[in-house]
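Asker: The following block contains the structure, expressed as structure tokens.
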Amino acid sequence: MRIVRFLDGEGVLRHGAQQADGTVRLIEGDILGAYQVTDKTASIRKLLAPIAPSSIPCIGLNYRRHAEETSAKFPEFPILFFKGVNTVQNPGDPILLPVHLRSTQVDYECELAVVIGRKCKNVPRAKALEYVLGYTCANDVSARDWQKEWGGSQWCRGKNFDTFAPLGPCIVTRDEIPDPGKLGIRTRLNGQVMQESVTGDMIFDVPALIEFLSGSNTLLPGTVILTGTPSGVGMARQPPVWLKPGDTVEIEIDGIGTLSNPVKLE
Ligand code: MG
């Protein structure tokens, strides 16, 4: 099932199940609890990020070729940081280039996002996927100057500006993606492919990440795990490529869809 979150014609927040013909059937109940797909159809006035996350743990340097392009050693454990819930942005809404705390080095990162559906703690890898509601596309937008130079060696500053976590366009439930390690993933900037990889290049795969994160933290329903980005980020290019006003960034994952956002000045 493809779960969308949207405002309907009256401006009411709804969840729906997108059908093969493009129509949407209303979901009643809580997608993180008990819910059912009804036979009522709905019109989408505005598509929203498919979930309002309870938290957004993120993994850095989790693709082999991306670790190589940044000259980083392969990590012994997953590298964890968090994005705030303020960073979430809807499909189609702009990534805002910071003006107040100014950045001139804003970069894109396509990522597979894992949506946790049930509360869990200390989950072994063999059972990890049972707690997954589904998957969506994410862009881990990063201000590299704040991440690398002015953030006191913490990544959080550069990763936590408003609009720096576009999510969407839908959550594809896990029954439709039995192996999240076999998905093609790419970024297009103004139509040009900048990142192109498969999730099988991850150093720590999705079950390993759930085992690792839940080994220290209770994962609440609605936790959205950003699983790292493949090679081809703007900062590793010669010359570097930074986002600028008027750009369009598309994150595409096979079997999920395309998350598209324009870029504007704050
Ligand atoms: Mg990232």
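The values are calculated or read from the model by the stated rules, or taken from the named source; none is laboratory data. It should be emphasised that the depicted structure is a prediction, and the values quoted were computed from it without experimental measurement. Virtual Cβ from ideal backbone geometry, glycine too; neighbours counted across all protein chains shown.
Asker: Restricting to segment 52-66, and then to whatever is away from the ligand (no atom under 12 Å from the Cβ) and not in a strand (DSSP E or B), can you tell me which residue is farthest from Ile210 (Cα to Cα)?
Answerer: Taking the candidates together, the pick is Arg65.
Asker: Assigned to a loop (DSSP other than H, G, I, E, B), modelled with pLDDT of 95 or more, in the same structural domain as Ser216 (by TED's automatic domain parsing) and away from the ligand (no atom under 16 Å from the Cβ) - does that describe any residue in segment 108-116? Give the derivation first.
Answerer: The initial filter retains those residues of segment 108-116 that are assigned to a loop (DSSP other than H, G, I, E, B), namely 108-109.
Of the ones still in play, those that are also modelled with pLDDT of 95 or more are 108-109.
Those left that are additionally in the same structural domain as Ser216 (by TED's automatic domain parsing): 108-109.
Add one more test, that the residue is away from the ligand (no atom under 16 Å from the Cβ), and what stays is none.
No, every residue in segment 108-116 fails to be assigned to a loop (DSSP other than H, G, I, E, B), modelled with pLDDT of 95 or more, in the same structural domain as Ser216 (by TED's automatic domain parsing) and away from the ligand (no atom under 16 Å from the Cβ).
Asker: For segment 34-47: of the residues being out of contact with any Leu (no Cβ under 7 Å at 6 or more places or on another chain) and touching a residue at least 40 places away in the same chain (Cβ under 8 Å), which is nearest to Phe6 (Cα to Cα)?
Answerer: Our first condition is that a residue be out of contact with any Leu (no Cβ under 7 Å at 6 or more places or on another chain); within segment 34-47, this holds for 34-37, 39, 41, 43-44, 47.
Okay, now just the ones that are also touching a residue at least 40 places away in the same chain (Cβ under 8 Å), so 44, 47.
Working: Ile44: 6, Leu47: 4 Å.
Taking the candidates together, the pick is Leu47.
Asker: For segment 16-46, give me the residue count where each residue is outside any strand (DSSP E or B), under 19 Å from Val172 (Cβ atoms) and either aliphatic (A, V, I, L, M) or in contact with a strand residue (DSSP E or B) (Cβ under 8 Å, 6 or more places away or on another chain) (or both).
Answerer: Qualifying residue count for the region: 6.
Asker: Still on this structure, I have one more. Working only within segment 1-15, note down all residues that are without any contact (Cβ under 8 Å) to a residue 12 or more places away in the chain and closer than 14 Å to Ile171 by Cα.
Answerer: Passing the criteria: none in range.
Asker: So in segment 110-127, with the set limited to residues that are crowded, with 23+ Cβ neighbours inside 10 Å and out of contact with any Cys (no Cβ under 8 Å at 6 or more places or on another chain), which one is farthest from His100 (Cα to Cα)?
Answerer: Narrowing segment 110-127 to residues crowded, with 23+ Cβ neighbours inside 10 Å: 110-116.
Next, from what is left, pick out any that are out of contact with any Cys (no Cβ under 8 Å at 6 or more places or on another chain): 114-116.
Values: Val114: 32, Val115: 32, Ile116: 34 Å.
My answer is Ile116.
Asker: Moving to a separate point now. Does segment 6-15 hold any residues that are exposed (fewer than 13 other Cβ atoms within 10 Å of the Cβ) and either in a loop (DSSP other than H, G, I, E, B) or out of contact with any strand residue (DSSP E or B) (no Cβ under 9 Å at 6 or more places or on another chain) (or both), and which are they?
Answerer: Once the filter is applied, which keeps residues that are exposed (fewer than 13 other Cβ atoms within 10 Å of the Cβ) and either in a loop (DSSP other than H, G, I, E, B) or out of contact with any strand residue (DSSP E or B) (no Cβ under 9 Å at 6 or more places or on another chain) (or both), segment 6-15 yields Gly9, Glu10, Gly11, Val12.
Asker: On the basis of being more than 11 Å from the ligand (Cβ to nearest atom) and in contact (Cβ under 8 Å) with a residue 12 or more places away in the chain, does Leu96 make the cut? Before the answer, list the steps.
Answerer: On the way: more than 11 Å from the ligand (Cβ to nearest atom): yes; in contact (Cβ under 8 Å) with a residue 12 or more places away in the chain: yes.
Yes, satisfied.
Residue-wise test of (1) touching a His at 6+ places or on another chain (Cβ under 8 Å); (2) in contact (Cβ under 8 Å) with a residue 24 or more places away in the chain; (3) away from the ligand (no atom under 15 Å from the Cβ); (4) not in a helix (DSSP H, G or I).
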| site | (1), (2), (3), (4) |
| --- | --- |
| Ala138 | no, yes, no, yes |
| Trp146 | no, yes, no, no |
| Gly152 | no, no, yes, yes |
| Asp162 | no, yes, yes, yes |
| Leu167 | no, yes, no, yes |
| Ile171 | no, yes, yes, yes |
| Asp179 | no, no, yes, yes |
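Asker: Answer yes or no as to whether Gly158 is at pLDDT 95 or above and in contact with a Pro (Cβ under 7 Å, 6 or more places away or on another chain). Explain how you work it out, then say what you get.
Answerer: Values: at pLDDT 95 or above: yes; in contact with a Pro (Cβ under 7 Å, 6 or more places away or on another chain): no.
So Gly158 fails the test.
Asker: For residues in segment 227-248 being hydroxyl-bearing (Ser, Thr, Tyr) and part of a loop (DSSP other than H, G, I, E, B), which is farthest from the ligand (Cβ to nearest atom)?
Answerer: Looking only at segment 227-248, we keep the residues that are hydroxyl-bearing (Ser, Thr, Tyr), and these are 227, 229, 231, 248.
Retained after the next criterion (residues that are part of a loop (DSSP other than H, G, I, E, B)): 227, 229, 231.
Details: Thr227: 8, Thr229: 4, Ser231: 12 Å.
Taking the candidates together, the pick is Ser231.
Asker: Sort out which residues of segment 165-198 are closer than 19 Å to Pro221 by Cα and either of a type in the set (Ser, Thr, Tyr) or surrounded by fewer than 17 Cβ atoms within 10 Å (Cβ to Cβ) (or both), and write them in order of number.
Answerer: Thr173, Asp175
Asker: Within segment 48-80, count every residue that is without any contact (Cβ under 8 Å) to a residue 12 or more places away in the chain and not polar (S, T, N, Q). Reasoning before the result, please.
Answerer: Filtering segment 48-80 down to residues without any contact (Cβ under 8 Å) to a residue 12 or more places away in the chain leaves 71-73, 76.
Keeping just the survivors that are not polar (S, T, N, Q) gives 72-73, 76.
The number of residues fulfilling the criteria is 3.
Asker: Just to check your reading of the model, which residue among Thr173, Thr187 is among the polar types (S, T, N, Q) and under 24 Å from Ser231 (Cα atoms)? Break it down into steps so the answer makes sense when it comes.
Answerer: On the way: Thr173 fails: under 24 Å from Ser231 (Cα atoms).
Exactly one of Thr173, Thr187 is among the polar types (S, T, N, Q) and under 24 Å from Ser231 (Cα atoms), namely Thr187.
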